[in-house]
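Some notes on the structure that comes next.
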Amino acid sequence: MRYDLVIFDNDGVLVDSEPISNKLLAGYLTELGHPTSYEESLREYMGSAMHRVHDLVEERAGQRLPEDFDDVFHGRVFAAFERELEPVPGAVEVVEKLAVDGVPYCVASSGSHERIRVGHRKTGHDKWFDDGRIFSSQDVGRGKPAPDLFLYAARRMGVAPERCAVVEDSPLGVQAAVAAGMDVYGFTAMTPASRLSAATELFGDMRELPDLLA
């Protein structure tokens, strides 16, 4: 293994949550008078923290979202996760192999700690990710594309940024990893390769990842 730490994004990389959450986000924004398609939600918000949703709506519409927006949205998302959420095909096996091989790993997500935990319990990732391996944009204040979250995760795990590999599926996440000085592997299952072109390498099947990291 050429890296001392593998940092996973969560949504779309470990858990197949992006279709669920972006359909719900587009629907809720539209319901509130901010017409948004599923495709627009993916393009604008995939990989970002919730503050980006608030900032873009206020910038474009001159209106603030309701104070309970996050609570209502997350309530809908968590209920849908309990019904529908599945792990990304091959992701559990990749993490299990890292654990067996003794390679340090963690997750650094724009989602809240609660969102990460709910998704991991439903998909079985909670077996591999204890509290010491979970980092959220809640921990740093500025979400992706700022590098803060990845740098924080590396610091907490005791690894220099240049010795880290990040696994990401969003342009914002790739941008954040590059800004952190880390190699980044762009997962193209949901995002066109052209939008992840700044990544160190691209791959479309999670089962390819161990060979790329090695």
Open item on the list: If I ask for residues that are closer than 16 Å to LEU212 by Cα and assigned to a loop (DSSP other than H, G, I, E, B), which ones from the range 80-103 would you list?
Closed with: GLY90, VAL103
Task: Any pair with Cβ under 8 angstrom, 6 or more apart, that starts in the range 17-33 at a residue that is not assigned by TED's automatic domain parsing to the domain that holds ASP169 and ends at one that is polar (S, T, N, Q) and assigned to a helix (DSSP H, G or I) - done: ASN22/SER41; LYS23/SER41; LEU25/SER41; ALA26/SER41; LEU29/SER41
Open item on the list: So for the range 187-194 (the condition being in a loop (DSSP other than H, G, I, E, B), within 17 Å of CYS106 (Cβ to Cβ) and either small (Gly, Ala, Ser) or within 13 Å of the chain's Cα centre (by Cα) (or both)), does at least one residue qualify?
Closed with: no
TODO: Take the range 36-76 and flag every residue that is in a loop (DSSP other than H, G, I, E, B), over 23 Å from the mean Cα position of the chain (by Cα) and small (Gly, Ala, Ser).
DONE: GLY62
Task: Close pairs (7 angstrom Cβ cut-off, 6 or more residues apart or separate chains): closer than 17 Å to GLU44 by Cα in the range 188-201, surrounded by fewer than 16 Cβ atoms within 10 Å (Cβ to Cβ) and of a type in the set (Gly, Ala, Ser) anywhere - done: THR188/GLY204
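From the residues in the range 105-141 that are assigned to a loop (DSSP other than H, G, I, E, B) and touching a residue at least 12 places away in the same chain (Cβ under 8 Å), which one is farthest from GLU44 (Cα to Cα)? Even if it seems obvious, please write down each step before you answer.
First pass over the range 105-141, keeping only residues assigned to a loop (DSSP other than H, G, I, E, B): 110-112, 124, 128-130, 140-141.
Next, from what is left, pick out any that are touching a residue at least 12 places away in the same chain (Cβ under 8 Å): 110-112, 124, 128-129, 140.
Working: SER110: 14, GLY111: 15, SER112: 19, GLY124: 29, TRP128: 31, PHE129: 28, VAL140: 21 Å.
By that ranking, first place goes to TRP128.
Quick check on the range 48-57. Is at least one of its residues touching a residue at least 12 places away in the same chain (Cβ under 8 Å), in contact with an Asp or Glu (Cβ under 9 Å, 6 or more places away or on another chain) and buried (at least 21 other Cβ atoms within 10 Å of the Cβ)?
Residues of the range 48-57 that are touching a residue at least 12 places away in the same chain (Cβ under 8 Å), as a first pass: 48-54, 56-57.
When the remaining residues are screened for being in contact with an Asp or Glu (Cβ under 9 Å, 6 or more places away or on another chain), the result is 50, 52-54, 56.
So of that shortlist, the ones also buried (at least 21 other Cβ atoms within 10 Å of the Cβ) come out as 50, 53.
Yes, there is a match, as at least one residue in the range 48-57 is touching a residue at least 12 places away in the same chain (Cβ under 8 Å), in contact with an Asp or Glu (Cβ under 9 Å, 6 or more places away or on another chain) and buried (at least 21 other Cβ atoms within 10 Å of the Cβ).
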Open item on the list: Out of everything in the range 103-127 that is touching a Pro at 6+ places or on another chain (Cβ under 7 Å) and buried (at least 16 other Cβ atoms within 10 Å of the Cβ), what residue ends up being farthest from GLY75 (Cα to Cα)?
Closed with: HIS125
TODO: Can you tell me which residue among VAL6, VAL72, VAL77, VAL13 is surrounded by fewer than 19 Cβ atoms within 10 Å (Cβ to Cβ), in contact (Cβ under 8 Å) with a residue 24 or more places away in the chain, among the aliphatic types (A, V, I, L, M) and within 30 Å of LYS127 (Cα to Cα)?
DONE: VAL72
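For (1) farther than 23 Å from VAL166 by Cα; (2) of a type in the set (A, V, I, L, M); (3) in contact with a helix residue (DSSP H, G or I) (Cβ under 8 Å, 6 or more places away or on another chain); (4) not assigned by TED's automatic domain parsing to the domain that holds HIS34, each residue gets a yes or a no:
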residue	(1), (2), (3), (4)
ARG52	no, no, yes, no
GLU58	yes, no, no, no
PHE73	yes, no, yes, no
VAL95	no, yes, yes, yes
ALA108	no, yes, yes, yes
GLY111	no, no, yes, yes
GLU114	no, no, yes, yes
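In contact with a helix residue (DSSP H, G or I) (Cβ under 8 Å, 6 or more places away or on another chain) and crowded, with 16+ Cβ neighbours inside 10 Å: does that describe GLU168?
Numbers: in contact with a helix residue (DSSP H, G or I) (Cβ under 8 Å, 6 or more places away or on another chain): yes; crowded, with 16+ Cβ neighbours inside 10 Å: yes.
When the stated conditions are applied, GLU168 passes them.
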TODO: Output the number of the condition that ILE134 fails; it satisfies all remaining conditions of (1) surrounded by fewer than 18 Cβ atoms within 10 Å (Cβ to Cβ); (2) within 16 Å of ASP9 (Cβ to Cβ); (3) at pLDDT 95 or above.
DONE: (1)
- [ ] Tell me which residues, restricted to the range 23-47, are surrounded by 21 or more Cβ atoms within 10 Å (Cβ to Cβ), at pLDDT 95 or above and small (Gly, Ala, Ser).
- [x] ALA26, SER41
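The values are calculated or read from the model by the stated rules, or taken from the named source; none is laboratory data. Here the structure is a predicted model, which is why all the values come from computation and not from measurement. No Cβ is skipped: glycine too gets one built from the backbone with ideal geometry, and neighbour counts run over all protein chains shown.
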